[in-house]
Every structure is written in C-alpha cells, then in structure tokens.
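The values are calculated or read from the model by the stated rules, or taken from the named source; none is laboratory data. Given the structure is predicted, the values throughout are model-derived calculations rather than measurements. Cβ placement follows ideal geometry from the backbone for every residue including glycine, while neighbour counts extend to all protein chains displayed. Side chains included, ligands, DNA and RNA excluded: accessible areas come from the protein's heavy atoms. Shrake-Rupley method; radii C 1.70, N 1.55, O 1.52, S 1.80 Å.
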Amino acid sequence: MNSDISSLRTEYSKSQISESEMSADPLVQFSKWFEEALNSDQLEPNAMIVGTADQQGQPSQRTVLLKGYDNNGFVFYTNYKSRKGLQLEKNPKISLLFPWYHLQRQIIICGHVSKLSKQQSEEYFHSRPRGSQLSAYVSNQSQEISSRRELESKLSEAESTFENQEIPLPENWGGYLVTPTSLEFWQGRENRLHDRFFYEREEDSWKTSRLAP
Ligand SMILES: Cc1cc2nc3c(=O)[nH]c(=O)nc-3n(C[C@H](O)[C@H](O)[C@H](O)COP(=O)(O)O)c2cc1C
C-alpha cells in the first residue's frame with residue numbers, strides 16, 4: 001500500500017464570496033478573478049480542464065490553454081480532428097474548469113462551441129513560435145503513431161520543406177469560441193463550508209444564485 005493520504009487536509013481561509021461584491025455580469029467577474037490568478041503564484045493560470053462527451057455520453061477531459069476571452073466567451077486552439085475535436089463536431093457541448101488551487105478557487109463554465117473564422121485562427125497560428133507551428137503541422141493530434149522517431153522525421157522534413165517560408169495553417173488546426181450558458185465561482189472556506197456563486201443564462205440576462213457547498 002502507498003502512504004496514507006486520507007489525512008491530507010488543507011484549511012481554506014484565503015478569501016470569501018459576498019453577493020454584494022460579485023458583478024451582475026459573470027464575464028466581468030471572470031475577468032476580476034482571472035487578473036487575480038495572473039497576479040498570484042498560481043502556475044499556468046490560463047490552463048483549464050476541458051470536458052467533452054462522445055455520442056455514448058462518455059465524458060473525457062484534458063488540459064488546454066485559454067488564449068482569449070471577451071463578452072462573447074472563451075477561446076482556445078487545438079486540432080479539429082483530435083479526439084476532442086471529433087467529439088465537438090457531433091456534440092458541441094463543453095465544460096471548462098479553472099483549477100486555481102493556489103487561490104483556493106475554481107471556476108466551472110458550461111456552454112457550447114463554435115469554430116473561429118479561418119482568419120482568426122491564421123492570425124493566432126502565425127503569432128506562435130515557429131517550433132510550435134511546425135509541431136502542430138506534423139502532428140495529427142490524437143491519432144496513433146508508430147514511434148517518436150516517425151514524428152521527429154516528419155518534423156525534419158517539414159523544417160526543410162518550409163525553410164525560409166511561412167508555415168501554412170494546418171488544415172485541421174484552429175480555434176473554438178466557447179459561448180457560456182452557466183458559470184460557477186467557488187471559493188474554499190473554513191471547515192469545508194465553502195462559497196459557491198452560480199450564474200445561469202436567461203435569454204438576455206443572467207440569473208444568479210448561491211449554491212450549497
Ligand atoms: C499545461 C497544458 C497545456 C495544454 N494546452 C493545450 C492547448 O492549448 N491545445 C491543445 O490542443 N492541447 C493542449 N494540451 C494537450 C492536451 O491536454 C491533450 O493532450 C491534447 O489536446 C489531445 O487531447 P484529445 O486527444 O482529448 O483531443 C495541453 C496540455 C497541458 C498539460
């Protein structure tokens with residue numbers, strides 16, 4: 001047996017949620033917490049756990065980096081033919097989770113995706129370091145490969161093909177916009193009596209409520 005983890009316990013007492021301080025607009029509230037995460041010691045504050053589900057309802061998750069947000073929603077980039085991409089093609093429902101343990105906070109967002117325009121994806125793709133562009137070009141994300149060597153030789157081939165040239169946007173690579181339908185802000189509190197503040201979209205406005213921990 002490995003060591004006893006049942007006694008691992010941290011008290012949460014860094015902050016609290018009071019209704020009067022929460023914005024009526026969840027995107028404004030997200031921005032406030034995101035800035036606080038950026039200015040904290042939280043590692044990879046823009047890393048989020050992205051949940052999708054296949055046709056049988058089997059959920060799967062993976063970490064993805066948030067690359068932008070505004071009043072319309074949240075943006076990330078990936079391969080449209082990856083496992084998540086294929087699932088989103090059939091079922092555009094998605095969840096995002098920001099695990100800001102350092103701040104004893106979590107935000108969970110539910111919504112649906114739409115693809116960004118090719119031009120938006122092009123712009124971001126070409127802003128990436130050349131090495132990342134090449135890796136995206138040679139990687140059919142989530143497909144089986146025979147060996148690491150296969151990937152590295154595809155990379156060397158692409159390096160010489162595109163020497164002194166712009167790397168083209170790979171056919172299946174691009175961004176998604178997540179349009180949120182609900183957002184939950186969670187703040188850890190003493191004795192596990194945590195705060196949860198929930199926003200749910202109602203036509204043109206947001207309904208807010210407090211949830212039991
Ligand atoms: C910190 C971190 C950041 C990541 N960022 C991205 C990203 O922005 N886009 C992406 O496609 N994969 C990213 N990945 C890799 C994904 O977690 C995942 O392995 C990949 O997208 C394939 O997932 P899928 O097979 O479920 O489609 C990241 C992984 C980690 C650990």
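Write down the accessible area per residue of the chain in Å², having rolled a 1.4 Å probe over the full set of protein chains.
Here the per-residue accessible area is 61 Å².
Averaging sequence separations of C-alpha pairs under 8 Å and six or more residues apart, then dividing by the length of the chain, give the relative contact order as a whole percent.
25 percent
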Give me the percent of accessible area attributable to carbon and sulfur for region 88-167, probe 1.4 angstrom.
46 percent
Helix 118-127 sits at what angle to the longest principal axis of the chain, using alpha carbons and giving 0 to 90 degrees rounded to 10?
90 degrees
Kindly provide the GluC sites (Glu not before Pro) of region 132-162 that DSSP labels as loop, not H, G, I, E or B, and whose Cβ sees at most 15 other Cβ atoms within 10 Å.
144
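Using only DSSP helix segments of four residues or longer, with each worth -39500 (n - 2.57), what per-residue ellipticity at 222 nm results for the chain after dividing by its residue count and rounding to 500?
Mean residue ellipticity at 222 nm (helix-derived): -7500 deg cm²/dmol.
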What FRET efficiency comes out for residue 9 versus residue 207 if R0 is 45 angstrom and r is the Cβ-Cβ distance? Round to the nearest 0.05.
0.85
For the chain, what is Rg from Cα atoms divided by 2.2 N^0.38 Å, rounded to two decimals?
1.19
Restricting to lysines and to Cα separations under 23 Å from residue 67, and discarding same-chain partners fewer than 8 apart, the set is 32, 81, 84, 93, 115, 118
Along region 103-108, Karplus-curve 3J(HN,Hα) (6.51, -1.76, 1.60; θ = phi - 60°) to the nearest Hz, with x for Gly and Pro, reads 9, 6, 10, 8, 10, 10
Could you tell me the center-to-center distance, by alpha carbons, between region 19-92 and region 96-120 in angstrom?
1 Å
Region 169-183 - phi-based ³J(HN,Hα) in whole Hz, Karplus 6.51/-1.76/1.60, Gly and Pro as x
4, x, 3, 9, 10, x, x, 10, 9, 9, 8, x, 10, 8, 9
Whole-Hz ³J(HN,Hα) for each residue in region 186-202, computed from phi via Karplus 6.51 cos²θ - 1.76 cosθ + 1.60 with θ = phi - 60°, x for glycine and proline: what do you get?
10, 10, x, 10, 4, 6, 6, 8, 6, 9, 10, 10, 10, 10, 10, 5, 10
